[in-house]
Amino acid sequence: MHDFIVVGAGIAGLATAELLQRSGRSVLLLEAEDKICAHSTAQQQGWFHTGALYAALPSSRYFRQLVGNLDDLFNYYGSFPNMNLRSGRTLLTRNSAGWFKNSNNYYFYASPSNPEIKRWQKPLWSLATLRAQTRLSWFETIDFTRELSPQIKFVNFSPNLSRCLSNRNFNLNPGIAGKIMKSRDRTFDADCLMADLLNSFLTCGGELKTNSVVSEAGRRSVSDQRSAYKARHVIVSSGHNVGNLTGVRTKVLKSPLLVVKPAILDFNFAWMTIDIKNTFNHMYHCSDHGGYSLIGNAVYFDVDETVDEAAVKQRMIEKARKIFDIDLSGHSADLYFGIKTEIVNNGHLRNYQYHIIDGGEAVVALPGKMSLAFSLAVNVCRHFGIDPVTDAPSLDGQGPSAAIAKTEHYRRSAAMSHTNAH
Ligand SMILES: Cc1cc2nc3c(=O)[nH]c(=O)nc-3n(C[C@H](O)[C@H](O)[C@H](O)COP(=O)(O)OP(=O)(O)OC[C@H]3O[C@@H](n4cnc5c(N)ncnc54)[C@H](O)[C@@H]3O)c2cc1C
């Protein structure tokens with residue numbers, strides 16, 4: 001009998017199974033598909049969050065949780081050779097190849113005089129911008145984040161930065177960007193991260209069964225189409241399917257992402273304004289078939305809602321045109337939707353944190369963000385009274401990357417030609 005059965009091998013199940021197995025427990029990881037990480041984890045944007053996206057919110061909860069996630073990343077994953085993030089005076093990547101890329105993510109906060117911000121919203125928005133600025137500055141001065149306080153810098157819109165951005169063909173009108181803050185967010189190399197976690201899981205003796213569609217999950221037993229399995233504990237991390245398997249109330253949402261090739265820019269930014277639906281972000285990805293842009297916004301639909309995809313795509317292209325002030329007709333653009341599962345709690349409209357729920361039956365583990373998988377795994381171990389092991393096993397080669405689904409943006413960008421954005 002295994003110590004744990006983990007249902008669902010997206011990033012949540014994979015990270016949880018890996019850390020439990022590395023910490024000396026025996027784990028059976030069951031996945032419905034023939035490859036792991038083929039659902040939400042394949043659809044995400046590749047943005048590794050360090051807290052800056054939530055710095056302007058009235059509550060500092062999400063911001064602090066993402067900073068705590070960095071602590072967990074350093075403490076429990078720092079000995080993986082490909083974990084290339086290093087903290088010193090600032091947070092940097094040690095070399096170019098590894099789990100994270102080294103390109104910074106800039107936050108452009110709309111000026112209160114921007115026409116998007118109505119007169120009555122101006123004081124609110126000024127306050128939010130100041131809050132973001134203050135929180136990011138705390139990182140420089142106060143050690144409330146333990147050893148990681150210098151991780152995010154805040155800079156004014158200086159002539160140097162302006163020159164540096166315009167040299168890179170970034171045409172954002174300085175008149176509409178009130179404040180520019182430089183964060184330590186960056187992009188993931190998801191393939192590399194997931195291959196290392198899977199490699200570690202298997203090297204430590206973990207067992208993975210793919211094509212295992214779990215239909216029942218109790219506190220100590222699980223059934224798929226072939227067998228029934230028993231374990232001391234069951235963890236359900238089946239993403240969109242958590243509600244069906246456990247009765248925990250979830251909402252499943254979808255949000256569009258636009259792949260643009262060739263890339264519009266070679267760096268990352270988030271355009272922040274008072275109406276969250278008007279925010280906009282750009283992640284640059286570079287792959288073996290060239291660079292491409294991955295553009296997102298905070299527009300969410302219910303997963304079952306019928307959406308006019310052509311209209312959504314057109315709106316995103318228009319927005320990109322407005323923000324970049326460039327003609328996209330020389331680019332190809334392809335739209336897809338990413339899926340996100342959230343816990344329904346206390347009437348909060350959205351939540352951006354990880355959840356570990358022990359409702360009497362199987363324990364539910366949802367990451368909220370792929371970025372939070374590190375803290376999720378560490379805290380699942382602690383939930384069961386297990387002290388997670390800090391050292392990674394020595395790993396041979398690249399790991400079983402054929403068992404891992406390619407990201408949706410990689411697959412779509414590989415299939416795209418550079419002809420027309422329409
Ligand atoms: C548009 C969009 C962009 C995003 N971008 C980012 C980003 O840039 N950075 C970031 O940090 N986060 C991002 N996220 C959030 C991130 O994608 C998710 O939080 C994360 O991938 C969820 O991982 P998961 O393991 O819970 O789910 P999943 O990856 O969906 O994994 C669940 C697994 O369970 C399996 N499963 C389901 N049912 C069963 C069953 N009955 N039996 C066995 N297995 C089963 C599935 O096949 C799947 O493999 C984004 C979300 C959206 C919507």
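What follows draws every value from the coordinates through simple rules; no lab data is involved. Everything numeric in this text was worked out from a predicted model, so none of it was measured. Glycine also receives a Cβ, built like all others from the backbone with ideal geometry; neighbour counts cover every protein chain displayed.
Remarks
- Each of ARG61 and VAL344 was given a label point 7 Å from its Cα along the Cα-to-Cβ line. The distance between the two points is 1.8 nm.
- Beta bridges by DSSP in the chain, antiparallel share as percent, to the nearest 5: 70 percent
- Gain on full extension, evaluated as 0.36 nm per residue between ASN102 and ARG131 minus their Cα-Cα distance, stands at 7.8 nm.
- The stretch 2-415, relative contact order in percent, only Cα pairs under 8 angstrom and at least six apart counted: 27 percent
- Taking the longest Cα principal axis of the chain as reference, the axis of helix 190-203 is set at about 20 degrees.
- Karplus (6.51, -1.76, 1.60) ³J(HN,Hα), θ = phi - 60°, over the stretch 357-369, in Hz, Gly and Pro reported as x: 10, 10, x, x, 9, 4, 7, 9, 10, 10, x, x, 9
- Rounded to the nearest 20, the Cβ-based charge dipole of the stretch 2-415 about its Cα centre (Lys and Arg +1, Asp and Glu -1) stands at 1260 debye.
- Helix 309-324 axis, angle to the chain major axis (alpha carbon atoms, nearest 10°): 50 degrees
- When the chain is treated as a Gaussian network with alpha carbon springs shorter than 10 Å, the biggest mean-square fluctuation among LYS322, LYS313, LYS261 belongs to LYS322.
- Candidate lysines for bridging to LYS182, where Cα separation is under 28 Å - those fewer than 8 sequence places away on the same chain excluded: LYS101, LYS118, LYS122, LYS153, LYS261, LYS277, LYS319, LYS322, LYS340, LYS369
- Here the stretch 239-266 is scanned for amide nitrogen atoms under 20 Å from the site 7 Å beyond the Cα of THR306 along Cα-to-Cβ, giving 253-256.
- Gain upon complete extension [LYS118, GLN314; 0.36 nm per residue less C-alpha separation]: 68.1 nm
- For the chain, taking Cα atoms only, Rg and Dmax work out to 21.4, 65 Å respectively.
- For the stretch 379-389, backbone phi angles converted through the Karplus equation (6.51, -1.76, 1.60; θ = phi - 60°) give residue-by-residue couplings of 7, 5, 4, 5, 4, 9, x, 9, 8, x, 7 Hz, Gly and Pro being listed as x.
- Candidates GLY338, GLY206, GLY397: whichever shows maximal mean-square fluctuation once the chain is modelled as a Gaussian network with Cα springs under 10 Å: GLY397
- Axis of helix 61-77 versus longest Cα principal axis of the chain: the two differ by about 60°, to the nearest ten degrees.
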